[in-house]
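One structure below.
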Amino acid sequence: MARFTHLVAGATALAFASALSVSTAFAQQQPAQPPAAAKPTTAVDIGYVELANNPMYDSVYAYYMVPVRPLGSPLAGAQLGIADAQTIGKVIGVDFGLKSELGDTIDDITRTVRDWSGAGMHFVIADLPAAELLKLSDAVADLPITIFNIAANEDTLRGADCRANLVHMIPSDRMLTDAMVQYLVSRHWRNILVLQGPSEQDQQVVDALQQSVQFFGARIVEVRPFELSNDPTNRERGNVALVTGGIDYDVVYIADSDGEFARFAPYETNNPRPVVGASGLVAKAWSWAYQNHGSSEVTQRFEQTVPRHMDSQDWAAWISTKAVVQSVLRTKNGDYPALLAYLLSEKLNLDGGKGNPLSVRPWDHQLRQAIPLATTNAVMDEAPITGFLHQTNDLDTLGVDQPQSTCKFPG
Amino acid sequence: MMNSHALRRFLFSLATLLATIMMLQPAEAAGTGYLFVSNERSNNVLVFDPAKDYAVIKDIKTSRRPRDMHFNHDHTLLYVACGEDDVIDIIDVATLEVVDHIPTARSPEMFVFNKDETELYVSNEENSTVQIISIKDKIIVNEIPTGAEPEGVILSEDEKTLYATSEVADMVHVIDTDSGSVVDNIIVGTRPRRFVLTKDGKELWVSDELSGEVSIIDRATNQVIDTLSFVPPGFRPVDVTPVGMTINTAGDTVYVALGRANHIAFVNTASHEIEGYTLVGSRAWEARLSPDEKLLYVANGLSDDVSIVDLETRKNIRTISAGRIPHTVLVDG
C-alpha cells in the first residue's frame with residue numbers, strides 16, 4: 001500500500017485563546033482529529049481569581065528565589081493544566097477553558113465569581129490570602145461552586161474555619177512541618193532550635209511545628225524570636241550567630257514567611273548545624289528539581305511556557321485543573337452533584353506527578369499528597385518518609401488526621 | 001584451460017558470489033546468551049554473561065538516559081533509545097560497541113520495529129509525539145501528535161495499527177500506520193504506560209500505573225472488557241504501580257512488573273486470573289524471559305539490580321547488581 005510521507009502538522013493553542021483571558025502561545029501540538037464526524041462539544045470553563053497587589057508576589061523575592069515565596073503568578077500552572085486537558089477534551093467532546101480575573105478587591109472578585117456561576121461555572125481556582133479566601137467562600141456559599149485554595153497554608157482553614165465549598169490543593173502548614181520533622185527524626189536530628197519571625201504566619205508555623213514534634217518524637221530545645229534588624233541595641237535578635245548561640249541543638253528550624261532573614265542564615269549559625277524551614281532544606285508542594293514519578297516531565301512542559309521555574313503554587317493550580325478534568329472525564333461530564341461527589345471521593349486517584357495517587361480528605365477537604373524536601377536545586381527526600389506508617393493511607397501521616405480534626409463543615 | 005589472470009578473476013567472482021550468498025542468509029539465531037541491561041542514570045548498557053556466573057563482561061557507555069532496547073531480527077545489532085540525547089544508539093553485538101545513532105525528537109522512550117526492519121516507531125516523551133523513522137535513511141517519515149507523555153508503543157501483527165499510550169491523557173491512541181493518523185482513542189485508567197498483545201491478537205493489555213490495574217481491551221471493538229486489580233501481599237492498592245508486561249511464547253502467561261509494589265504478578269492469559277506474586281527488588285518496571293523461558297529477569301529501578309526468578313518454582317533465586325536505575329533487560333538468545 002502506498003505510504004504518505006507527510007508530516008502531520010500540529011496546531012498551536014490559538015483555538016483556545018478565546019477561552020483564555022491571557023493570550024499565551026503554547027509550543028504544544030494538538031492531536032490529529034479522527035476522520036469521523038466531530039462530536040458536538042460542551043464547554044467546561046474553570047475560573048481563576050487572583051488579587052492585584054498581592055504582597056506574596058513581590059518581584060524582588062521572586063528574583064532571589066526565596067523558597068517560601070512564589071516565583072510568579074500560578075495562573076501559568078492553570079494554563080498548563082488546560083493545555084494538558086486538550087487531548088481528553090477532544091476525545092470526550094468537551095472544550096476545557098480557563099477564565100481568569102485579576103481583581104483589585106475581594107468584592108470585585110466575588111462579583112465576577114457570581115457572574116461566572118450564573119453562566120454555569122462550577123469550579124474556581126483561588127490564589128488568595130486566607131482572609132480574602134474566606135470572604136469569597138462565604139459570599140458564594142449559596143451557589144453550586146467549589147473553590148480550590150492554591151496559596152493559603154493556614155491550618156485554621158482546614159480546622160475551625162473550614163468551609164464545605166473549599167478544597168485545599170496547597171499543603172497546610174502542619175503538613176509541611178510534619179514532612180520536615182519526619183525527615184529530621186529519620187536522620188536522628190531530633191533537637192531543634194526554632195527561630196520565629198514576627199508575623200502571625202510565623203506563629204502559625206511554630207504552632208504547627210509544636211504539633212509535629214509531639215507526634216513524631218522530636219524535641220524543640222528553645223523557640224527564639226528573630227527580627228530583621230541592624231539596630232545595634234537589638235543585635236541578639238537580628239544577628240544569626242548571636243541568636244543561635246549559647247545552646248546546643250542538631251538543627252535550626254526557621255519560621256520566616258517573609259524569607260529575608262532565613263535567606264542569610266545557612267552557614268551563619270553559631271554552631272555548625274543544618275538550617276531548615278524557610279531556607280536550606282524546605283518542605284514544599286513542588287520543586288522544579290523534583291525528578292521522581294514523572295515530575296520532571298510536568299516541570300519541563302511548564303517551563304516551556306513561562307521563563308521561570310515551576311513552583312508550589314503553580315503545581316497547586318495545575319493539579320486543580322486536573323482534578324476538574326478527571327471528574328468530568330470519569331463521570332462522563334455529569335451534573336454538579338455528580339462532579340463534586342467524584343472530586344471528593346476515594347476514587348479521585350489523581351496523578352500529581354508525586355508518586356502515590358492523590359485524593360481529597362473527607363474530614364477537612366485537604367488534598368492528601370507527598371511532600372518533597374528540597375534545597376534550591378535538588379530534592380533530598382520526600383515525605384511521608386519511609387517507615388512512617390498510617391492505618392489506611394501513609395499520606396495521612398502528613399497533616400491533621402481524622403481523629404484530631406477540628407473541622408466541622410457548617411450547615 | 002583458463003590462464004592465471006582469468007583464473008584469478010574467476011576465483012574472485014566466485015569468492016564475491018559466495019560472500020554475497022552468505023550475507024543474504026539470515027544469521028543463525030543462536031546468540032551470545034548475554035544479558036543486556038540499560039541504566040538510565042549511569043548512562044550505560046551493562047553486559048552480563050550467564051555462563052560466567054553473570055560476570056559483567058562489558059560496560060558499554062551509551063548516549064545519556066538509555067531506556068528501551070531491541071535487537072534486530074538477526075541479533076547483530078542492539079538499538080537503545082537514549083532519552084536525554086534524543087538519539088537511538090546502535091550497538092554492534094559482536095564488538096559490544098556503539099557504532100551509530102539515529103536522531104529522534106525530544107526524549108525518545110520506547111520503540112518497536114516493523115517486520116522488515118525498515119522502520120521503527122518511537123514515542124518521544126517530552127515532545128508528545130510518536131515518530132515513524134526510516135532506519136536506513138534516518139529520516140522521519142511521519143510524526144503523529146499524541147496526548148502528553150506518550151510511552152508504550154506496540155504494533156499489531158498485520159502492522160496496520162500502532163497503539164500508543166499517553167500517560168497524561170489516560171488513553172490509548174489507535175494509529176493507522178498507513179495514513180499516520182489517530183483513528184480512535186480508548187480511555188483507560190490513570191497513567192497508562194505499556195502494552196502486551198495476546199498471541200491470538202484479540203486482546204491488548206495496558207498497564208494503568210496509578211490505578212494499580214491492567215486494562216484489557218478487545219481489539220475488535222476497542223472497548224475495555226476487563227480490568228485486573230493487583231494486590232500483592234503487604235501492599236495497599238495505592239502502592240501498586242504496574243508498568244511492564246511480557247508474555248511467553250506459548251501465550252498462556254503474562255508477567256506483570258508491579259513497580260513500587262516490588263513484585264511480579266503471574267496472570268493466566270486465557271482466564272485473566274492472577275495466579276500469584278513473587279517478591280523481587282525495588283520498583284520493578286520491566287521483566288523479560290530467558291530464551292529457554294525457564295527464567296524471568298526483572299529490572300528493579302530503585303534497588304539498582306536485576307532479580308532472577310525461576311519460573312518452575314516462581315521463586316526469586318538471585319539478584320545481580322546493575323547500574324544506576326536499570327530500565328530494560330534483554331537476553332541475546
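Oblate is the label for segment A:34-120. Its Cα gyration tensor axes, ordered a ≥ b ≥ c, give a/c of at least 1.5 and b/c at or above a/b.
Using the Cβ atoms and a cut-off under 13 Å, what net charge is assigned to the surroundings of A:Phe148, where Lys and Arg are +1 and Asp and Glu are -1? Don't skip to the answer; put the middle values down first.
On the way: positive: A:Arg163, A:Lys322; negative: A:Glu50, A:Asp127.
After counting each charged neighbour, the total is 0.
With K and R counted +1 and D and E -1, the other residues having a Cβ less than 15 Å from that of A:Arg330 yield a net charge of -2. Sorted largest first by accessible area at a 1.4 angstrom probe radius, with every protein chain in place, the residues A:Arg308, B:Arg194 fall in the order A:Arg308, B:Arg194.
For chain A, what is the calculated [θ] at 222 nm in deg cm²/dmol (nearest 500), taking -39500 (n - 2.57) for each run of four or more DSSP H residues and dividing by its residue count?
Details: 12 runs with 125 residues, N = 411.
Taking each H run of at least 4 residues, the total per residue is -9000 deg cm²/dmol.
Site pair A:Asn230 and B:Ser271 shows an inter-label distance of 7.9 nm when each label is modelled 7 Å from Cα along Cα→Cβ.
Computed from Cα positions, the angle between helix A:75-92 and the longest principal axis of chain A comes to roughly 30 degrees. Buried accessible surface for the B/A pair, both sides summed and rounded to the nearest 100, is 3400 Å² with a 1.4 Å probe. Report, in degrees rounded to the nearest 10, the 0 to 90 angle that the Cα long axis of helix B:4-24 makes with the longest principal axis of chain B. For B:4-24 against chain B, the angle is about 10 degrees.
When the Cα gyration tensor is reduced to axis lengths a ≥ b ≥ c, the ratio a/c is 1.5 or higher for segment A:137-263, and with a/b not above b/c it is classed as oblate. Put the Cα centre of segment A:49-88 next to the Cα centre of segment A:288-327 and the gap is 11 Å. Toward the positive end of the charge dipole of segment B:138-243, with +1 on the Cβ of Lys and Arg and -1 on the Cβ of Asp and Glu, the farthest Cα among B:Val172, B:Ser156, B:Gly234 is that of B:Gly234.
Working note: 222 nm ellipticity from helices only, DSSP H runs with n ≥ 4, each -39,500 (n - 2.57), summed and divided by the residues of chain B, gives -2000 deg cm²/dmol to the nearest 500.
Could you tally the net charge around B:Glu275, taking each other residue with its Cβ under 12 Å from the Cβ of B:Glu275, Lys/Arg +1 and Asp/Glu -1? Before the final figure, lay out the partial values.
Values: positive: B:Arg314; negative: B:Asp252, B:Glu273.
Net of charged neighbours comes to -1.
Axis angle, to the nearest 10 degrees, between helix A:106-118 and the longest C-alpha principal axis of chain A: 30 degrees. Here the 3J(HN,Hα) profile of segment A:311-316, calculated from phi with Karplus coefficients 6.51, -1.76 and 1.60 at θ = phi - 60°, is 10, 4, 5, 4, 4, 4 Hz, Gly and Pro shown as x.
When the expected Rg is taken as 2.2 N^0.38 Å, what fraction or multiple of it is the alpha-carbon Rg of the protein assembly as shown?
Taking the Cα Rg and dividing by 2.2 N^0.38 Å, one obtains 1.05.
Averaged over the residues of B:129-135, the number of partner chain Cβ atoms lying within 10 Å of the residue Cβ comes to 1. The mean number of partner chain beta-carbon atoms within 10 angstrom of a residue's beta-carbon across peptide A:389-401 is 1. Of the residues in segment A:60-87, those shielded by at least 20 Å² of accessible area once partner protein chains are present, compared with the chain alone at a 1.4 Å probe, are A:Asp84, A:Thr87. Considering only B:Asn44, A:His188, A:Leu340, the residue lying farthest towards the positive end of the dipole of the protein assembly as shown is B:Asn44, judged by Cα position with unit charges set on Cβ.
When +1 charges are put on Lys and Arg Cβ atoms and -1 charges on Asp and Glu Cβ atoms, the dipole computed for segment A:189-251 relative to its Cα centre reaches about 160 debye. Expressed as a whole percent, the accessible area of chain B that falls on carbon and sulfur atoms is 53 (1.4 Å probe).
In percent, how large is the relative contact order of chain A, given Cα pairs closer than 8 Å and 6 or more residues apart? Walk me through the intermediate numbers first.
Details: 782 pairs, mean separation 70.9, N = 411.
After rounding, I find 17 percent.
Restricting to the protein assembly as shown, what percent of DSSP beta bridges are antiparallel, rounded to 5? Mind dumping the intermediate values first?
Values: 119 of 157 bridges.
Of all bridge pairs located within the protein assembly as shown, approximately 75 percent are antiparallel.
Only one residue of B:Phe71, B:Val56, B:Val98 has its Cα farthest out toward the positive end of the dipole of segment B:54-98, where Lys and Arg carry +1 and Asp and Glu -1 on Cβ, and that residue is B:Val56. The accessible-area ordering, largest first, of the residues A:Arg273, B:Arg9 stands as B:Arg9, A:Arg273, per a 1.4 angstrom probe.
The values are calculated or read from the model by the stated rules, or taken from the named source; none is laboratory data. This is a predicted model, so every value here is computed, not measured. In this analysis, Cβ positions are derived from the backbone assuming ideal geometry, glycine residues included, and neighbour counts consider all displayed protein chains. Just so you know, the surface numbers come from the protein's heavy atoms only, side chains and all, with ligands and any DNA or RNA stripped out. Shrake-Rupley method; radii C 1.70, N 1.55, O 1.52, S 1.80 Å.
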